[in-house]
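Peer 1: Below you'll find the structure I mean.
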Amino acid sequence: MSLYNTQHIKLYNTLTGEKEIFQPITDGYVGMYVCGPTVYSNVHLGNVRTFMSFDMIFRYLKHLGYKVRYVRNITDAGHLENDADVGEDKITKKARLEAIEPMEIVQRYTVDFHNVLNTFNFLPPSIEPTATGHIIEQIELIQSIIDNGFAYTVNGSVYFDVHKYNESNEYGILSKRKLEDLIHNTRALDGQSDKKNPQDFALWKKAEPTHIMRWPSPWSDGFPGWHLECTAMSTKYLGDYFDIHGGGMDLKFPHHECEIAQNQASKGQAPVKYWMHANMLELNGARMSKSTGNYINPAELLSGDNDIMSKAYNPSVIRFFMMQASYRSVLDLTDDGLSAAEKGFHRLMDAIGIIDNLKTNSSSLFNITDWKQKCYDAMNDDFNTPILIASLFEAVKFINQVKDGSATVTPEDLALLKETIETFVFDVLGLINISKESAGGNKLIGAVEILINLRKDARLNKDFALSDKIRDELAEAGIQLNDSREGTTFTTN
Ligand SMILES: [Zn+2]
């Protein structure tokens, strides 16, 4: 029996505006699609937070025993400025500025994106498809939307007919907008556009002669509209109707609204059972923006090379900080907040580090089974990581009480406590155990790591005398080695 048979998740579905019991379409399997980055610049820290939220959700679903196919795309073509259908392709624009190939831009920033996510200990998605790798699927999709009467062709470009669609469907169903209001709030077309109505959006754009990224199609040499790629890639790998579609709050409209319309118009059904949206990351109480200077990128935050924070922060400290807020809340990144998170993070790691050295007793003064369920209850309540972390700190308090002799624990309870806290901290929250020194980058780390590796070799050679000697002599020097499933870590006193 899998854990998901006993742990029932309730998640907030943007589509219904309610927390619903999570019931996958196929028992035991979850299909999850998250809109990935547009790779024309370094990944934004706010996007890192969004992807981290879905990494945590992916980790928890896997922990519960679900077989999860997690698809997160790379947008490497066709993402236009200004709501995706006018202006210049951002990737082409950047390529022209830097006088290099568009695919060179794509490669550079895809590598950067992966590096940043690896630094923050993300699990790779199951499939990471690219828009340029799915042009044929997008052309087929456009053809079926045209065939079903929901798109029209003008001068080699193809537009989705929102007004026609709204006659038999509800455009705005996800973002709770009404077409009449949208019409009321948009300016009339200036005569330059091929569109019938301002609300229509491009499925295919004919390329100007100077446009580098282009593909042949039945309508023109051109490129697909941005909204289209996610419909093509999500349904190709997850089916026409799948469980979870996630992304940042800012994608709800028009991007996700258009995905729903495209799916309805081509396949005659809504694509997604649960829509999930992660909230914004602010910096010092204001929106992050390069133009106002209220901006920090992941590399600057990690290196300390910036004018906003007082020092460098370890990726696990930043991850811990982000996990202290619900994915649905706005989170304000501040130096004080990070510094408090750093203290909390080390308290947590220190407590985990001493579990193996605790003395056990014939009775426990802490109900570990109840506490364990509290941890699950927090995660089952729409992935409420701040409540989970509060529960983890109840265990930290108890561990410290056992250490100073003011509480007792049985060997069985201690083993359960250790297993549970490690599962939630390392597997679900995705934190990495680091000692205080590694946060500051001390040379001691390297030296101890060499000794840990020597000890590992000694154990592999069954030289337990040497392995124990390394452990004991390090302990005498005030360095405790802690063996766990993830390997050996150390703490200092
Ligand atoms: Zn998307």
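The values are calculated or read from the model by the stated rules, or taken from the named source; none is laboratory data. As the structure is a prediction and not an experimental result, all values here were calculated from the model. Glycine also receives a Cβ, built like all others from the backbone with ideal geometry; neighbour counts cover every protein chain displayed.
Peer 1: Mind telling me which of the residues Glu282, Glu229 ends up being modelled with pLDDT of 95 or more and buried (at least 23 other Cβ atoms within 10 Å of the Cβ)?
Peer 2: Result of the check over Glu282, Glu229: Glu229.
Peer 1: Another one. Please specify each residue of the stretch 301-315 satisfying the condition of being closer than 24 Å to Val428 by Cα and either of a type in the set (Asp, Glu) or under 15 Å from the mean Cα position of the chain (by Cα) (or both).
Peer 2: Result: Pro315, single match.
Peer 1: Considering every residue within the stretch 306-314, establish whether at least one is buried (at least 17 other Cβ atoms within 10 Å of the Cβ) and closer than 26 Å to Gly478 by Cα.
Peer 2: Yes - at least one qualifying residue is present in the stretch 306-314.
Peer 1: Return the total of residues in the stretch 359-389 being surrounded by 15 or more Cβ atoms within 10 Å (Cβ to Cβ), over 24 Å from the mean Cα position of the chain (by Cα) and among the hydrophobic types (A, V, I, L, M, F, W, C).
Peer 2: Matching residues across the stretch 359-389 total 3.
Peer 1: With respect to Leu174, is the statement that it is within 16 Å of the ligand (Cβ to nearest atom), closer than 27 Å to Tyr33 by Cα, aliphatic (A, V, I, L, M) and in the same structural domain as Gly133 (by TED's automatic domain parsing) true?
Peer 2: yes
Peer 1: Is it fair to say Val48 is within 28 Å of Ser289 (Cβ to Cβ), more than 13 Å from the ligand (Cβ to nearest atom), part of a loop (DSSP other than H, G, I, E, B) and in the same structural domain as Pro224 (by TED's automatic domain parsing)?
Peer 2: Against the criterion (within 28 Å of Ser289 (Cβ to Cβ), more than 13 Å from the ligand (Cβ to nearest atom), part of a loop (DSSP other than H, G, I, E, B) and in the same structural domain as Pro224 (by TED's automatic domain parsing)), Val48 does not qualify.
Peer 1: So, in the stretch 28-45, how many residues would count as being part of a loop (DSSP other than H, G, I, E, B) and on the phi < 0 side of the Ramachandran plot?
Peer 2: The total comes to 9.
Peer 1: Sticking with this structure for a sec: Looking only at helices (runs of 4 or more DSSP H) that lie completely in the stretch 361-471, which have at least 2 residues being modelled with pLDDT of 95 or more?
Peer 2: It comes to 368-380, 385-403, 411-422.
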